[in-house]
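Student: For reference, the structure I am asking about is given below.
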Amino acid sequence: MTQIAHLHEALDGQRLWDDVQSLASIGALEPRGIRRLALDEADNRARLWLAEQGAALGCRVHYDALGNLFLRREGQDASLAPLLIGSHMDSQPRAGAHDGALGVVAGLSILRTLSERGIAHRRPLEVVAWTNEEGARFAPGASGSSWFAGQREYEDILAALDGDGVRFGDALQECLTLLEDKGLEYRPAPFEPHAFLELHIEQGPILEQLGKPVGIVSGIQGVNWYRIEVEGMANHAGTTPRQARRDAFDGAHELVTALKAATSGQDDDLRFTIGTFSLWPDAVNTIAQRATFTIDLRHPRQAVLDDLDARFHALARRQWSGCDAHLTVTSRVAPVAFPDSLLEVLRESAGSVCPEVPELVSGAFHDAIHLAHVCPTAMLFTPCRAGISHHPDEHIEREDAEVAVRALAEAASRLLA
Ligand code: HGY
Ligand code: MN
Ligand code: MN
Ligand code: MN
């Protein structure tokens, strides 16, 4: 019987890659990429696929009140808090196949190895797929993990609406009913894991530039999301004289220019993104009554986020081209630094499969940003080609993924033993 100490060598690279491809086929787009928006039909099918894999390995499959899915493999001492490994399976609208998915499949491959090789371990292991990490359909993101970690209220999450006016709570109820009909075990309440580990693609260029298959993530930068509505007055595009116009597009344009100017003095770590912008009533020959846009603001230091938050609120209180602005903070997540005790386990583990493993701070948020508030948490990265992500061209090399999963397995073996 294989000992837990040899878990990472026992892991079957081909099965890992088969699992990557199986999950990638759910919500696949032509000619490439995937679409699995939170709680849509494909995202729910991915849950059923994962549940089937777990059941076939003898795991107990639970889901909680947010639709987070857990595959549990008992250890010799069921009273111990489980090691939790996982990530998310929901995606951006036109995404690559590995953002989040690789971290779930990595957990599954460790479960598969433990089960098929009959490896004994003291502590239980749970592999998790968190609900709505991306926030692309229902903002803000990381719904499942933030609720599990007590960072967001259940009712607030359920009230979110998607672009078609569908309420998160209604989409969630469909998902929970599906899981119940499949006979999965409902375990509503969160629990305190022993530790949480997440493997994720880097979604940046650093590891590829260093030529390294794995990296240790020491923390995640903070992220604020805003929605801004600029209110003018609709009117005839051709007859309304200049001085009588209250054009919401002009107002938004001026306000965006001022917001960007407010960030100009910041260091190069700052990230300011306007990813959505819409006009209403959205007619070629009608002056816009309303302009609505979002801001995604990120920085490793909370003080910088707080300073810009105050400036953004001050700018939103002014008039712009005769229009009023209304700023709503839709998400504020503080930066986190992972504990050195767990990073040390990752250094030793990753160091056993790869020399000189680099360490970096994550530019993207992950479910780990919330789990860090409930248990020792840390992450591993593996490179994706040119750092491209949130795009169908997202690509990982099988060999890199395998090294990174073996590093994760080695860390798991130390925490399960
Ligand atoms: O936006 C993010 O950082 C994550 O990929 N959802
Ligand atoms: Mn992700
Ligand atoms: Mn993502
Ligand atoms: Mn390739």
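Student: Failed condition for residue 324, given (1) of a type outside the set (A, V, I, L, M, F, W, C); (2) buried (at least 16 other Cβ atoms within 10 Å of the Cβ); (3) under 26 Å from the mean Cα position of the chain (by Cα); (4) not in a helix (DSSP H, G or I), with all others met?
Tutor: With (1) of a type outside the set (A, V, I, L, M, F, W, C); (2) buried (at least 16 other Cβ atoms within 10 Å of the Cβ); (3) under 26 Å from the mean Cα position of the chain (by Cα); (4) not in a helix (DSSP H, G or I) applied to residue 324, the lone miss is (3).
Student: Within segment 135-151, count every residue that is surrounded by fewer than 23 Cβ atoms within 10 Å (Cβ to Cβ) and within 29 Å of residue 397 (Cα to Cα).
Tutor: 2
Student: On to the next question. Residue 355 is checked against (1) modelled with pLDDT of 95 or more; (2) surrounded by fewer than 20 Cβ atoms within 10 Å (Cβ to Cβ); (3) not basic (Lys, Arg) and fails just one. What number does that condition carry?
Tutor: Status for residue 355: all satisfied but (1).
Student: Spot the failing condition for residue 224; the list is (1) closer than 28 Å to residue 360 by Cα; (2) not charged (D, E, K, R); (3) not in a strand (DSSP E or B), and only one is missed.
Tutor: Residue 224 satisfies every listed condition except (3).
Student: Could you tell me whether residue 146 is part of a strand (DSSP E or B) and modelled with pLDDT of 95 or more?
Tutor: Judged against the criteria, residue 146 is not a match.
Student: Looking only at residues that are farther than 18 Å from residue 406 by Cβ and not in a helix (DSSP H, G or I) in segment 336-358, which one is nearest to ligand 3 (Cβ to nearest atom)?
Tutor: 336
Student: Could you pull out the residue among 172, 114 that is assigned by TED's automatic domain parsing to the domain that holds residue 359, buried (at least 20 other Cβ atoms within 10 Å of the Cβ) and either free of Cβ contacts under 8 Å to residues at least 12 places away in the same chain or in contact with a Lys or Arg (Cβ under 7 Å, 6 or more places away or on another chain) (or both)?
Tutor: Testing whether each residue is assigned by TED's automatic domain parsing to the domain that holds residue 359, buried (at least 20 other Cβ atoms within 10 Å of the Cβ) and either free of Cβ contacts under 8 Å to residues at least 12 places away in the same chain or in contact with a Lys or Arg (Cβ under 7 Å, 6 or more places away or on another chain) (or both) leaves just 114.
Student: On to the next question. Would a scan of segment 117-129 turn up a residue that is over 16 Å from residue 107 (Cβ atoms), at pLDDT below 95 and not charged (D, E, K, R)?
Tutor: yes
Student: Output the residues belonging to segment 251-291 that are part of a strand (DSSP E or B) and surrounded by 18 or more Cβ atoms within 10 Å (Cβ to Cβ).
Tutor: Filtering segment 251-291 down to residues part of a strand (DSSP E or B) leaves 271-273, 277-280, 286, 290-291.
Across segment 251-291, the qualifying residues are 279, 290, 291.
Student: Hey, among 415, 380, which residue is under 23 Å from the mean Cα position of the chain (by Cα) and at pLDDT 95 or above?
Tutor: The match here is 380.
The values are calculated or read from the model by the stated rules, or taken from the named source; none is laboratory data. Predicted model only: the values in this text are computed from it and were never measured. Note that each Cβ is placed from the backbone with ideal geometry, even for glycine, and that neighbours are counted across all protein chains shown.
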